[in-house]
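Scroll down for the structure; my scribbles are underneath it.
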Amino acid sequence: MSSSSVEYQKKELPAKVQTVGFGLFIAGLFLVVLGYIVDPTRSAYNNIIGFTFLASIAVGSLFLVGIEYLSGAVWSTPFRRVSEFLSSLIVLLPVLFIPLLLNVNNIFHWTHPAPSDKTLIGKAPYLNVNFFIGRVLVFWLIWLLFYYLFTKNSLMQDQTKDQNLTKKNVKLAAVFMPLFAITISFAAIDWLMSIEPHWFSTIFGVYYFSGTVLAALAAATIIIVLLNERGYFVKGIHTDSYYSLGALLFAFTNFWAYIAFSQFLLIWYANLPEETFWFLQRWEGSWIAASIGLIVVRFVVPYFGLLSQPSKMNPKRLLVMSSWILFAHYYDLYWLVMPNFSKGGVALGWIELGFPLLIAGLIILVFVYNSRKNNLVPIGDPKLKRGIDFRL
Amino acid sequence: MSKKVLYSYTGIFDTPDEVTHAAEKAVEHGYTKYDVNTPYPLHGMNKAMNLPPSKLGYVALAVGLSGALGALLSLWWVSAVDYPINVGGKPFFSFPAYIPVIFEVTVLSASIATVLAMLFFFFKFPNNAHPLHATDYMKKVSSDKYGISIQAEDPKFDESSVKNFLESIRAKEINAVYWDEEETAHNHKILEPKFLTFLFVVAVLISGTTYFTLNKLMNMLPFNWMMEQSKQSAQQKSLVFEDGFGMRQPVNGTIARGFLPYEFKGKPDLAGEKLVNPILVSKESLKLGQAKYDIYCSPCHGYHAEGDSRLRGQFPNPPSLHSEKVRTWGDGRIFAVITEGQNIMPSHSTQLTVDERWAVINYIRALQRALNAKESDLK
């Protein structure tokens with residue numbers, strides 16, 4: 001079973017896709033710019049939702065690539081390029097971070113603690129603007145480095161068909177995993193938890209990680225199902241590969257629920273005012289509906305939607321559920337961030353619409369750009385043939 | 001020796017691909033009563049054998065749901081109905097605390113039920129024998145070979161044609177498997193008298209030996225873990241404290257629950273000046289005062305406080321409480337008398353609580369006013 005027996009005919013994506021992506025991007029950009037003119041603070045809060053959402057997909061995709069190499073999985077090899085393309089969004093992360101940096105004083109009130117606020121003054125050695133920017137830079141450079149190395153080796157393999165490149169990437173993945181664990185945890189603490197700097201939860205890094213993997217998986221699943229049904233990958237890919245994607249989505253949905261509930265249960269049980277206020281904020285006014293809705297949107301619907309075996313193999317169902325999960329991740333981030341902006345009630349308006357459109361357009365454009373330059377299937381990968389033959 | 005009956009023909013393969021292929025061929029050939037035996041679950045075998053989706057999932061679902069419901073009901077009964085205990089100020093029925101328990105019970109009951117249901121489906125429990133057990137074939141397919149077994153029950157079964165079929169798909173070691181006629185009847189009695197007697201004898205032997213060894217030979221106390229504790233008991237000598245007392249003195253100024261110290265000991269006049277009656281005159285307080293007065297005061301002071309003792313001169317009669325002196329005393333002064341006693345009258349602080357003493361004083365005031373009513377009282 002040599003990899004040369006795989007026949008792959010590269011097909012260009014239709015021009016329509018790029019037009020749609022461009023349209024979304026422009027519409028999103030218009031709304032974002034307008035939003036920043038009308039209400040900079042609210043836009044900055046939306047900015048951080050959008051930024052962490054994009055980072056979820058970008059870095060989560062890199063994690064999926066790494067975990068495939070590290071575990072020696074074969075079923076996902078025909079689709080690995082999708083995650084590789086999505087992880088190239090890491091390059092664009094500063095685009096959404098720079099407007100955030102300009103508004104850093106509006107969002108993060110640890111940047112200017114009140115003199116009477118002993119807690120924040122005590123946290124100042126960690127939570128100060130210079131160190132914050134330094135950390136972001138370090139995270140970004142680590143991710144960029146591994147993105148560059150992984151994809152360089154993978155793309156080179158298309159030409160050389162050198163099996164040693166896979167071995168190299170396996171070693172890289174082993175180095176990347178602990179670094180990923182540390183950077184994603186600190187990123188979650190820096191970008192999301194420090195919006196409410198008086199609050200702390202030791203499980204918060206894992207919480208963001210679970211959402212990150214879900215978002216990356218869901219984004220990849222949408223693209224995989226759409227392209228595979230139209231024959232953009234190699235022939236002979238079985239619905240059993242869909243099953244694996246569905247099973248991972250299902251598993252991480254449960255994992256998210258497990259982590260989210262663990263976070264809630266301990267805080268609820270201990271009943272310490274310095275921890276409970278964070279949940280109480282999300283229990284005020286119309287936020288109570290949003291909080292209960294989070295359980296339904298993020299856990300109940302995907303859980304029952306993906307529970308049975310046939311539903312994980314049905315491309316239509318999978319497409320619907322993965323789009324839903326992607327939406328649920330945005331919802332989750334909104335729920336984490338926005339109660340700090342509009343206390344006492346949900347704030348929803350056209351300003352909230354800008355960043356999702358912008359990001360959707362960005363993802364489509366980046367994917368199209370990558371798919372023009374490179375093969376959609378890693379044709380040089382020694383695991384490819386086994387990946388196509390994968391059966392449950 | 002019982003009669004042997006043909007059960008099936010078996011064939012062995014070396015690789016999983018071959019046996020999957022063999023299963024496909026068996027389906028093609030129209031066999032319905034056959035089985036594939038492999039050392040581990042094979043991907044794609046369900047499809048090759050054309051099996052319908054497993055029904056085990058429904059068992060897991062049903063039992064899992066009843067497990068969840070059972071856990072919820074028992075938690076609700078235990079912690080909200082039968083024995084409510086306040087834990088950290090949470091409501092008695094606090095659902096978040098139940099979720100981990102419900103989750104565990106659901107998983108546990110669903111998994112146990114799945115295994116049991118599997119045993120029922122596969123072995124038709126209580127039947128636990130299978131003709132393929134204890135054959136060479138089973139030894140091989142449970143270590144590193146893959147086998148197919150076509151059963152004699154199959155409508156298309158015919159010894160020579162099955163042999164030919166197995167040869168045609170290149171099976172190795174084609175063998176016939178027989179079983180006893182008795183076993184084919186499938187009526188295994190689980191409550192056989194012999195078996196029950198055996199169980200009973202084993203139970204008696206084991207519990208008897210355990211009892212004799214632990215109680216008679218080793219003289220062990222059963223379950224005495226909580227009787228021996230390394231804590232300090234009352235009256236015990238202590239090695240920790242310098243003075244050697246195990247029991248510690250309460251901190252200076254400690255007062256017992258429900259007890260208020262009396263500040264005016266030996267100073268009844270001061271009490272008359274400083275103490276204020278905290279009990280408002282009401283029907284209830286007067287009734288209480290009357291009851292207590294009739295019990296504790298009236299034997300000497302008389303029912304109407306006129307000093308007309310019912311003790312027939314065994315003690316000197318107390319003075320009347322209607323005197324000018326007592327009527328002009330403050331409530332606190334009377335309180336001091338009741339609390340500390342006066343002349344021959346003993347203290348009543350052990351008989352009457354503080355509130356009862358004030359109620360008695362209210363009642364005495366009512367008696368005094370009844371004898372010295374003013375015109376305004378008539379209105």
Over all viewing directions the Cα convex hull of segment B:268-378 casts an average projected area in nm² of 7.1 nm²
Measuring from the longest principal axis of the C-alpha atoms of chain B, the long axis of helix B:159-168 (C-alpha) lies at a number of degrees, nearest 10, equal to 90 degrees
With every protein chain in place, the accessible area of A:Glu284 for a 1.4 Å probe, in Å² rounded to the nearest 10, comes to 90 Å²
Checking segment B:148-251 for chymotrypsin sites (Phe, Trp or Tyr not before Pro) in a loop per DSSP with at most 13 other beta-carbon atoms within 10 Å yields B:Phe223, B:Trp225, B:Phe241
Percent relative contact order for segment B:268-378, counting Cα pairs under 8 Å at least six residues apart, stands at 35 percent
Reduced to Cα centres, the span from segment B:4-49 to segment A:240-314 in Å works out to 43 Å
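In Å, the Kirkwood hydrodynamic radius of the protein assembly as shown over pairs of distinct alpha carbons?
One over the average 1/r among Cα pairs gives 35.3 Å for the protein assembly as shown.
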Computed, not fitted: 222 nm per-residue ellipticity of chain B from DSSP H runs ≥ 4 (each -39500 (n - 2.57)), nearest 500, equal to -13000 deg cm²/dmol
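Any idea what the dipole of segment A:192-303 comes to, in debye rounded to 20, about its Cα centre with Lys/Arg Cβ at +1 and Asp/Glu Cβ at -1? Before the final figure, lay out the partial values.
On the way: 4 positive and 6 negative charges, 79 e Å.
Roughly 380 debye for segment A:192-303.
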If one builds a Gaussian network model of chain B from Cα atoms under 10 Å apart, the most fluctuating residue listed among B:Val107, B:Val360, B:Val59 is B:Val360
Given A:82-88, B:261-267, the highest-first ranking by average Cβ count within 10 Å works out to A:82-88, B:261-267
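Sorted by average packing, counted as other Cβ atoms within 10 angstrom per residue and highest first, what order do A:49-60, B:67-78 take? Numbers along the way, then the final one.
Working: A:49-60: 25.5, B:67-78: 15.5.
Ranking the peptides A:49-60, B:67-78 by packing returns A:49-60, B:67-78.
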Violations at 23 Å Cα threshold for listed pairs A:Lys385/B:Lys139; B:Lys140/B:Lys172; B:Lys274/B:Lys325; A:Lys10/A:Lys152 -> A:Lys385/B:Lys139
Here, chain B modelled as identical Cα point scatterers in vacuum has Debye log10 I(q)/I(0) at q = 0.07, 0.13 Å⁻¹ of -0.70, -1.12
Once all protein chains are kept in place, B:His29 shows an accessible area at probe 1.4 Å, nearest 10 Å², of 80 Å²
Sorted list, accessible surface of protein heavy atoms, 1.4 Å probe, largest first, for A:Met193, B:Met345, B:Met247, B:Met227 is B:Met227, B:Met247, B:Met345, A:Met193
About its Cα centre, chain A carries a charge dipole, from +1 on Lys and Arg Cβ atoms and -1 on Asp and Glu Cβ atoms, whose size in debye to the nearest 20 is 1140 debye
Once accessible area is computed for B alone, A alone and the pair with a 1.4 Å probe, the total buried surface, to the nearest 100 Å², works out to 900 Å²
For A:Trp335 the rounded accessible area (nearest 10 Å², probe 1.4 Å, non-protein molecules ignored) is 20 Å²
Among A:Trp256, A:Pro315, A:Gly293, the residue whose Cα sits farthest towards the positive end of the charge dipole of segment A:242-318 (+1 at Cβ of Lys and Arg, -1 at Cβ of Asp and Glu, taken about the Cα centre) is A:Pro315
If every Lys and Arg gets +1 and every Asp and Glu gets -1 at its Cβ, then about the Cα centre the protein assembly as shown yields a dipole, in debye to the nearest 20, of 720 debye
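Looking at segment B:1-59, which trypsin sites (Lys or Arg not before Pro) are in a loop (DSSP not H, G, I, E or B) and have at most 13 other Cβ atoms within 10 Å?
Counting only loop positions with at most 13 other Cβ atoms within 10 Å, the trypsin sites (Lys or Arg not before Pro) in segment B:1-59 are B:Lys3, B:Lys55.
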Comparing A:Val234, A:Val33, A:Val213 in a Gaussian network model of chain A (Cα, 10 Å), the one with the largest mean-square fluctuation is A:Val33
So the angle from the long Cα axis of helix A:129-160 to the longest Cα principal axis of chain A, reported in degrees to the nearest 10, equals 10 degrees
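Work out the P(r) tail for segment A:14-385: percent of alpha carbon pairs separated by more than 39 Å, whole number.
15 percent
So what's the back-of-envelope 222 nm ellipticity for chain A, counting only DSSP H runs of four-plus at -39500 (n - 2.57) apiece and dividing by all residues, rounded to 500?
Calculated mean residue ellipticity at 222 nm is -24000 deg cm²/dmol.
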Contact order relative to length for chain B, counting C-alpha pairs under 8 Å separated by 6 or more residues, stands in percent at 19 percent
Connecting every pair of Cα atoms under 10 Å apart in chain B and solving the GNM, the largest mean-square fluctuation among B:Thr38, B:Thr106, B:Thr353 falls on B:Thr353
Contour minus Cα-Cα span, B:Leu311 to B:Val5, at 0.36 nm per residue, comes to 99.1 nm
Using alpha carbon centers only, segment B:149-163 is separated from segment A:112-164 by a whole-angstrom value of 67 Å
Expressed in angstrom and rounded, the centroid-to-centroid distance over alpha carbons for segment B:240-272 and segment B:293-364 is 28 Å
Taking the reciprocal of mean 1/r across every pair of different Cα atoms in segment B:4-184, the Kirkwood radius in Å is 19.7 Å
The simple spin-label model distance between A:Lys373 and B:Phe123, using points 7 Å out along Cα→Cβ, in nm, is 6.2 nm
Share of accessible surface on carbon and sulfur in segment A:76-149, whole %, 1.4 Å probe and ligands ignored, is 74 percent
Taking Cα atoms, the helix A:40-71 axis meets the longest principal axis of chain A at an angle in degrees (rounded to 10) of 40 degrees
Among residues of segment B:41-90, a drop of 50 Å² or more in 1.4 Å probe accessible area, assembly relative to the chain on its own, occurs for B:His43, B:Lys90
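The values are calculated or read from the model by the stated rules, or taken from the named source; none is laboratory data. It should be emphasised that the depicted structure is a prediction, and the values quoted were computed from it without experimental measurement. With ideal geometry, Cβ positions are generated from the backbone for all residues, glycine too; neighbour counts draw on all protein chains shown. With ligands, DNA and RNA removed, areas are computed over all heavy atoms of the protein, side chains included. Shrake-Rupley method; radii C 1.70, N 1.55, O 1.52, S 1.80 Å.
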